[in-house]
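In what follows, a structure is listed as structure tokens, so that the remarks can point back to it.
The values are calculated or read from the model by the stated rules, or taken from the named source; none is laboratory data. Worth saying up front: this structure is predicted, and the values here are computed from it rather than measured. Neighbour counts are summed over all protein chains in view; Cβ atoms, including those assigned to glycine, are modelled from backbone coordinates with ideal geometry. Heavy atoms of the whole protein, side chains included, go into the accessibility calculation; ligands, DNA and RNA do not. Shrake-Rupley method; radii C 1.70, N 1.55, O 1.52, S 1.80 Å.
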Amino acid sequence: MYKKYLDIHPEVQKALEENKPVVALESTIISHGMPYPENIKTARAVENIIRENGAIPATIGILKGRFKVGLTDDELEYMGKGEDILKASRRDLPFIIAKELNGATTVASTMIISALAGIKVFVTGGIGGVHREAQETFDISADLMELSHTNVAVVCSGAKSILDIGLTLEYLETHGVPVVGFGTEEFPAFFTRKSGFHVDYRIDSETELAKALKAKWDLNLNGGVVVGNPIPKEYEMDYNTITNAIEDALKEAKEKGIKGKETTPFLLSKIKAITSGKSLSSNIQLVYNNARLGAKLAVELSKLYQ
Ligand code: PSU
Ligand code: MN
């Protein structure tokens, strides 16, 4: 029934039928998370890294109301350049279909479409979470609820400290979402390797991680897993520089009354401007690093599903 809403790229379709490793990628990071043309260059490079590491990439987005699983080069270009691309999370999906609109998928909606297509591993930069002062604003990303019931592993570099990382982790715990650290005991904070918060489990190999995912889903313990993969040391940002940039961005968002779905994109672009692009190069490098891990994880997982 749901298949009629999906356009799965033939290469991705073939890989899925043959149980070959496939890695999903989101498009909000392209359309609303990074500026043009760096966004497109990064998206293409990420796809190449996934191939080099033995998996097939499937960038997900919505064009004229169709769920695209694996974008062509022209479609990718449009995602990065187009000005009519909505930020599409769970609630938006039915209306984007009915109105035949274009949408960039967030972590939540990329998980949904991945699960529909049968993709188990998804690579991104950072997840959404509980915003600072959420006790007043109720601003909690739909990404977290999605992680509680959709069976996709999300490889990321943690969460940015534009969020309340402690509350984000508490929320995930309440909803039974495992948070693991790849080669680390600390949950990474996107631009920096450390956040001051511990993960539930440290995992040091893709094989072990694949085994845990298989066991979770075999047991019908539905939901995702957050795989925190710290940014490589050489690309890590200076703690004070990034903390100050985030504080300034949050202050400006508050003064301007930025709310709802605009909040995350506003903060991301402010931080980039304040750090004169330094944060963008860290952002790009951490996604590359996550692509390497995600592809290797998908390879290991596909062995367990033969
Ligand atoms: N965090 C980042 N970069 C991003 C996002 C979050 O560091 O690009 C994007 C992701 O697509 C994520 C979305 O799913 O923002 C969360 O938005 P919101 O907080 O409105 O749920
Ligand atoms: Mn929000």
List the number of the failed condition for residue 248; all other conditions in (1) farther than 24 Å from residue 106 by Cβ; (2) under 21 Å from the mean Cα position of the chain (by Cα); (3) open to solvent by 70 Å² or more (accessible area, probe 1.4 Å) hold.
(2)
Which number in (1) open to solvent by 40 Å² or more (accessible area, probe 1.4 Å); (2) under 20 Å from residue 107 (Cα atoms); (3) more than 14 Å from ligand 1 (Cβ to nearest atom) marks the one condition that residue 260 misses?
(3)
If the requirement is being within 26 Å of residue 109 (Cα to Cα) and modelled with pLDDT under 95, which of these qualifies: 272, 296?
272
Leading residue by the ranking (nearest to ligand 2 (Cβ to nearest atom)) among those in segment 1-20 that are among the aliphatic types (A, V, I, L, M) and in a helix (DSSP H, G or I):
12
Checked pairs for segment 161-179, first open to solvent by less than 30 Å² (accessible area, probe 1.4 Å), second within 13 Å of ligand 2 (Cβ to nearest atom) and assigned to a strand (DSSP E or B), C-beta under 8 Å and 6 or more apart or across chains, list as 162/131; 163/130; 163/131; 168/130
So for segment 57-64 (the condition being open to solvent by less than 80 Å² (accessible area, probe 1.4 Å) and charged (D, E, K, R)), does at least one residue qualify?
no
Given the conditions (1) within 22 Å of residue 143 (Cβ to Cβ); (2) part of a helix (DSSP H, G or I); (3) aliphatic (A, V, I, L, M), which single one is not true for residue 23?
(2)
In segment 38-84, what count of residues is obtained for those that are part of a strand (DSSP E or B) and farther than 25 Å from residue 285 by Cα?
5
Got a sec? Which strands (runs of 3 or more DSSP E) wholly within segment 145-237 have at least 1 residues that are in contact with a helix residue (DSSP H, G or I) (Cβ under 7 Å, 6 or more places away or on another chain) and closer than 18 Å to residue 129 by Cβ?
153-156, 179-182, 225-228
Matching entry among 207, 137 (being touching a residue at least 24 places away in the same chain (Cβ under 8 Å) and over 22 Å from residue 267 (Cβ atoms)):
207
For segment 127-137, name all the residues that are more than 18 Å from residue 173 (Cα to Cα) and within 9 Å of ligand 2 (Cβ to nearest atom).
137
I need a count of the residues in segment 27-49 that are open to solvent by less than 60 Å² (accessible area, probe 1.4 Å), over 15 Å from the mean Cα position of the chain (by Cα) and not small (Gly, Ala, Ser).
3
Of these, 117, 88, 142, 98, which one is within 13 Å of ligand 2 (Cβ to nearest atom) and hydrophobic (A, V, I, L, M, F, W, C)?
142
Filter segment 116-171 for residues that are among the hydrophobic types (A, V, I, L, M, F, W, C) and away from ligand 1 (no atom under 13 Å from the Cβ); the one that is nearest to residue 221 (Cα to Cα) is 153
So which residues in segment 99-132 are open to solvent by 10 Å² or more (accessible area, probe 1.4 Å), part of a loop (DSSP other than H, G, I, E, B) and closer than 19 Å to residue 19 by Cα?
118, 120
